[in-house]
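Below is one structure, written out as structure tokens, with a few remarks after it.
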Amino acid sequence: MADTNTPGAEAPAPTWKARLKQVGPGIMAAATGVGAGDLVATLVAGSRFGYVLFWAVVLGTLFKLALGEAVGRWHLASGRTMLAGWRTMGRWAVGYFGAYAVVWGFVYGATAMSASALPLNALFPVLPVAGWAVICGLLGLVLVWFGRYGVLEKIMTVLVGVMFVTVVGTAVMVGPNLLELGRGLVPTLPEGSVAYVLGLMGGVGGTITMAAYGYWTFAKGWRAPSWMPFMRADNAVGYLTTGIFVVAMLVVGAQILLGQDLTSGDKGLLQLSDALAADYGQWARIPFLVGFFAVAFSSVIGVWNGVSLLFADWWRTWRLPKEAPPETAADYDHKAGMGSPAYRIYLLWLTFPPMVLLFLGKPFQLTVVYGVLGALFMPFLAGTLLVLLNSKTMMPAEHRSRWLSNTMLVLCLALFVGVACNELIGVFS
């Protein structure tokens, strides 16, 4: 029997059993995209508005499903990477991504390491947060530097399992109000809730890592349109898992923290662990902190791998002469990927320079640049996918976007423009 995960292999018969056996890149995307900060934002929404914004979580999950499917379909149907697609739109698109990746990596490296360190410091206060952060960064570097994709996928699957048991288990323990949850499916906008609605729909799991999904499908060995049913099932599993995490945190916020002021940032999860200990005993605090670590450290592994793959492909694409013909997956294999120098350089960039920020904090000017570039990325992704997936020259007719995909991408674009405007107002005010 042929190895169905070798590059270029044809897909097996797309039975549901076969589809579920192939699930992996979607789990990588789900675990990477949902960080500790996203869970805090959901907790805050639950603590302020209860279950009223549940409808925003559902819509946000549907939008991420559409966007993830679009990224995966571009890779499989066109045979090109995301960077190869952006290159066809002009040097401006590739240049924007390069600038964003450099600034984003510097700031996010420190954010991800410190988020992973907070629960470890709470569980084992023998080291300060900065000390645990350095250890988490180095551990992530070693795992991703030496680990092949299959190994990383297995590690991420274990971390998602831990997240599911602890985060969803916490929601079950506090007891959701199913009647109120059902009422929350009716769209309503309480006073002061617009920013939270935008965050729930556009923020959770919506980052640069969404663009990495196609690279993980390539790493899995999916290189032909015949893998499309497997990609769609995989993407659905990943983002439905994300949606369940978000609903669980909304339930916890509504049941335990309703009416309380929650600390902004990742430290809000420590406040929740203290509330769990006060209500249920110290034993309830420990599994939640373990889940907190799984949420944060899965983002470290996913970003260290996925965004490094994006950067390596950016470096390959940026150096191509203007008159070079459009590239294929074979060009990507030869000059980018997990063994390339650019991949390893970006891994080091994510790990060591951000350690300075762990001790010094984020300079104001860097925070402004990071906020501006980050706010523009999701509208950039949704808008460019709309163009690429409707291209008559690059997409086979049978895989171009139809009315449903185009409608969802237009709605995603409108949503992310709204999120961007909200974030830019926050940056400059």
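The values are calculated or read from the model by the stated rules, or taken from the named source; none is laboratory data. These numbers were taken from a predicted model, which means no experiment stands behind them. Neighbour counts are summed over all protein chains in view; Cβ atoms, including those assigned to glycine, are modelled from backbone coordinates with ideal geometry. Accessible surface is based on the protein model in full, side chains and every heavy atom, while ligands, DNA and RNA are left aside. Shrake-Rupley method; radii C 1.70, N 1.55, O 1.52, S 1.80 Å.
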**OP:** Say whether the condition of being more than 24 Å from A414 (Cα to Cα), free of Cβ contacts under 8 Å to residues at least 12 places away in the same chain and out of contact with any Pro (no Cβ under 7 Å at 6 or more places or on another chain) is met by at least one residue in the stretch 20-37.
**Re:** yes
Original post:
Residue check: is T61 open to solvent by 20 Å² or more (accessible area, probe 1.4 Å), under 30 Å from R285 (Cα atoms) and either touching a residue at least 60 places away in the same chain (Cβ under 8 Å) or of a type in the set (G, A, S) (or both)?
Top reply: yes
Original post:
On the given criteria, is F54 of a type in the set (F, W, Y) and touching a Phe, Trp or Tyr at 6+ places or on another chain (Cβ under 8 Å)?
Top reply: no
Subject >> Residue that is least open to solvent (accessible area, probe 1.4 Å) [pool: residues in the stretch 98-151 that are of a type in the set (F, W, Y) and within 18 Å of M28 (Cβ to Cβ)] >> reply: Y149
**OP:** Please identify the pairs in which a residue from the stretch 383-412 that is under 19 Å from A211 (Cβ atoms) has its Cβ atom under 7 Å from the Cβ atom of a residue that is surrounded by 12 or more Cβ atoms within 10 Å (Cβ to Cβ) and among the basic types (K, R), counting only partners at least 6 apart or on another chain.
**Re:** L389/R73; L389/R400; N390/R400; H399/R73
Original post:
If you go through the stretch 13-41 one residue at a time, how many are of a type outside the set (A, V, I, L, M, F, W, C) and at pLDDT below 85?
Top reply: 4
Subject >> helices (runs of 4 or more DSSP H) wholly inside the stretch 19-81 containing at least 2 residues that are farther than 19 Å from A212 by Cα >> reply: 36-49, 54-78
**OP:** Please find, within the stretch 383-392, the residue that is modelled with the lowest pLDDT out of those that are farther than 25 Å from L198 by Cβ and not small (G, A, S).
**Re:** K392
Subject >> Any helices (runs of 4 or more DSSP H) falling wholly within the stretch 248-337 and containing at least 1 residues that are crowded, with 16+ Cβ neighbours inside 10 Å and modelled with pLDDT of 90 or more >> reply: 282-318
Original post:
Quick check, is A66 touching a Cys at 6+ places or on another chain (Cβ under 9 Å) and open to solvent by 10 Å² or more (accessible area, probe 1.4 Å)?
Top reply: yes
**OP:** Search the stretch 95-118 for residues that are over 17 Å from A212 (Cβ atoms) and pair each with any residue that is assigned to a helix (DSSP H, G or I) and of a type in the set (K, R) when their beta-carbon atoms are under 9 Å apart and the residues are at least 6 apart or on different chains.
**Re:** L118/K267
**OP:** Considering only residues that are closer than 22 Å to W86 by Cβ and among the polar types (S, T, N, Q), look in the stretch 383-429 and name the one that is most open to solvent (accessible area, probe 1.4 Å).
**Re:** T393
Subject >> Hits in the stretch 82-92 - residues which are in contact (Cβ under 8 Å) with a residue 12 or more places away in the chain and assigned to a helix (DSSP H, G or I) >> reply: M82, L83, A84, G85, W86, R87, T88, R91
Subject >> Single match in W74, W16, W92 (criterion: within 30 Å of P325 (Cβ to Cβ) and open to solvent by 10 Å² or more (accessible area, probe 1.4 Å)) >> reply: W92
Subject >> Criterion: in contact with a Ser or Thr (Cβ under 8 Å, 6 or more places away or on another chain) and part of a helix (DSSP H, G or I) - qualifying residue of L141, L118 >> reply: L141
Subject >> Positions within the stretch 393-427 being farther than 25 Å from V194 by Cα and under 21 Å from the mean Cα position of the chain (by Cα), in sequence order >> reply: S405
